[in-house]
Amino acid sequence: MADHYEVLGVSRDASPEEIKKAYRRLARQLHPDVNPGEEAAERFKLVTHAYDVLSDPEQRARYDIGGDSAFGGAGGFGGFGDIFETFFGAAGGQRGGRPRSRRERGQDALVRVTLDLADVVFGVHRDIEVDTAVICETCQGACCQPGTQPVTCDICHGSGQVQRTVRSLLGNMVTSQPCPSCQGYGTTIPYPCATCQGQGRTRARRTVSIDIPAGVETGLRLQLPGSGEVGPAGGPNGDLYLEVTVSAHDTFSREGDDLLATLEVSMTDAILGTTTTITSLDGPVPLEIRPGVQSGDVLTIKGRGITPLRGTQRGDLRVGVQVVTPTRLDARERALIEQFAAKTKAPPPRLSEFHQGLFAKLRDRLRNG
Ligand code: ZN
């Protein structure tokens with residue numbers, strides 16, 4: 001697509017007033033009432049389109065960052081093709097004087113999904129709505145009104161290129177440029193398809209069904225080849241990328257394929273032992289706490305962790321025990337504990353090495369995570 005600023009002959013930082021002036025001047029030259037030629041009509045269309053885009057501040061801003069004005073860029077993706085064209089000229093990469101094809105590969109699309117940790121443990125099916133381009137049903141990507149055809153451009157005679165002599169320090173140089181009449185396609189479309197305005201594709205919302213495998217992590221991108229948008233003029237589809245974010249869980253955190261959590265155990269349960277049921281991401285799991293369990297002991301429940309992305313052997317659920325000491329005792333409870341203390345003659349507090357056990361690390365991880 002020709003650069004809108006070039007079409008109007010204004011600089012990229014032109015004021016709205018300058019743009020309007022340039023448009024008026026060109027419109028006076030090219031308007032079909034004044035200038036009935038086919039070339040003028042084609043240029044008038046380009047000029048009018050350029051003016052439509054650049055006179056609307058919102059559309060102009062989008063165009064400046066490379067948004068495809070014909071497609072609005074509403075999906076949050078779009079426009080890489082235009083960026084390349086802006087940087088490298090309308091016929092970027094098309095050397096050898098051949099016309100360029102209207103058919104191009106569609107852009108890749110990126111969609112973000114947020115998953116719960118439970119989705120990661122088992123994998124999950126999602127239907128994701130994507131704002132994308134689909135092939136135009138009226139013209140099936142041909143860009144022409146049904147029953148009509150593109151015609152050979154009578155300016156470049158189908159080559160897509162025009163020669164221009166440029167004076168330079170080295171003398172006259174003949175350069176080849178994309179034909180301004182057909183934008184390098186070698187053909188023009190006299191009757192563009194009304195449904196797609198000659199783009200061969202239309203905007204649509206499409207639902208993509210995806211099985212997200214177990215074991216994915218935040219930042220991982222899943223590639224779905226051919227699920228991106230259809231290209232201009234019915235070109236092949238781009239790819240769809242799904243970027244995963246795993247939201248933090250209230251209870252469980254992840255370490256490799258293992259799940260970590262803390263289990264608070266009352267002082268009496270820690271002394272006497274007990275059988276309890278914990279709610280894992282798989283549902284209830286029975287757990288035996290042996291008498292005399294200590295703060296920092298780690299209880300491992302085999303196979304209740306995460307299924308790795310490549311593999312079937314699930315990780316473990318590791319539970320760090322934290323013994324909870326009662327902070328308020330009534331007189332009778334206090335008397336019982338004093339009796340117990342007198343009976344057991346527990347050793348006085350004793351200094352030893354700072355505890356750097358697994359549970360300390362686990363706790364830090366839970367705090368920081
Ligand atoms: Zn169409």
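Here, each number is a calculation from the coordinates, and none is a lab measurement. From a predicted model like this one, the values you see are computed outputs, not experimental measurements. Glycine gets a Cβ as well: all are built from the backbone with ideal geometry, and neighbour counts include every protein chain shown.
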>> If the only charges are +1 at each Lys and Arg Cβ and -1 at each Asp and Glu Cβ, what is the size of the charge dipole of region 191-294 around the Cα centre, to the nearest 20 debye?
In response: 800
> What fraction of the DSSP beta bridges in the chain is antiparallel, stated in percent and rounded to the nearest 5?
Replying inline: 75
> Which Cys residues of the chain have no other Cys beta carbon under 4.7 Å away?
Replying inline: C143, C144
> Helix 16-30 versus the longest principal axis of the chain: what is the Cα-based angle in degrees, 0 to 90, to the nearest 10?
Replying inline: 40
> Which is farthest toward the positive dipole end of the chain among T251, T325, P192, measuring Cα position about the Cα centre, with Cβ charges +1 (Lys, Arg) and -1 (Asp, Glu)?
Replying inline: T325
>> Counting just the Cα atoms, what span does region 253-368 cover along each of its three principal axes? Round to the nearest Å and put the largest first.
In response: 58, 33, 21
>> How tilted is helix 38-54 with respect to the longest principal axis of the chain? Cα atoms for both, answer in degrees (0 to 90, nearest 10).
In response: 30
> Along region 225-236, what does the Karplus equation 6.51 cos²θ - 1.76 cosθ + 1.60 (θ = phi - 60°) give for ³J(HN,Hα), rounded to whole Hz, x for Gly and Pro?
Replying inline: x, x, 9, x, 7, 5, x, x, 6, x, x, x
>> At R0 = 51 Å, how high is the FRET efficiency between R332 and T312 if r is their beta carbon distance? Nearest 0.05 is fine.
In response: 0.40
>> Order 49-58, 163-172 from most to least packed using the mean count of other Cβ atoms within 10 Å.
In response: 49-58, 163-172
> Hey, what number do you get for the chain at 222 nm if only DSSP H runs of n ≥ 4 count, each worth -39500 (n - 2.57), divided across all residues, to the nearest 500?
Replying inline: -7500 deg cm²/dmol
>> Which of rounded, prolate or oblate describes the chain when judged by the alpha-carbon gyration tensor and an a/c cut-off of 1.5?
In response: prolate
> When ranked by the protection proxy of mean other Cβ atoms within 10 Å per residue, highest first, what sequence do the peptides 210-217, 323-330 form?
Replying inline: 210-217, 323-330
>> From Cα pairs below 8 angstrom and at least 6 apart in sequence, can you work out the relative contact order of the chain, rounded to a whole percent?
In response: 15
> Reachable lysines from K302, Cα under 16 Å, same-chain residues fewer than 8 places away excluded?
Replying inline: none
> Which cross-chain or sequence-distant (5 or more) residues have an amide H under 5 Å from the amide H of D3, H modelled 1.01 Å from N in plane?
Replying inline: none
> What are the aspartates and glutamates whose alpha-carbon lies under 17 Å from the alpha-carbon of K343, with same-chain residues fewer than 8 places away excluded?
Replying inline: E333
>> Sequence gap at least 6, Cα distance under 8 Å: using those rules, report the relative contact order of region 253-368 to the nearest whole percent.
In response: 29
> Amide H neighbours of V323 under 5 Å, counting only residues 5+ apart in sequence or on other chains, H built in-plane at 1.01 Å?
Replying inline: V265, S295, G296
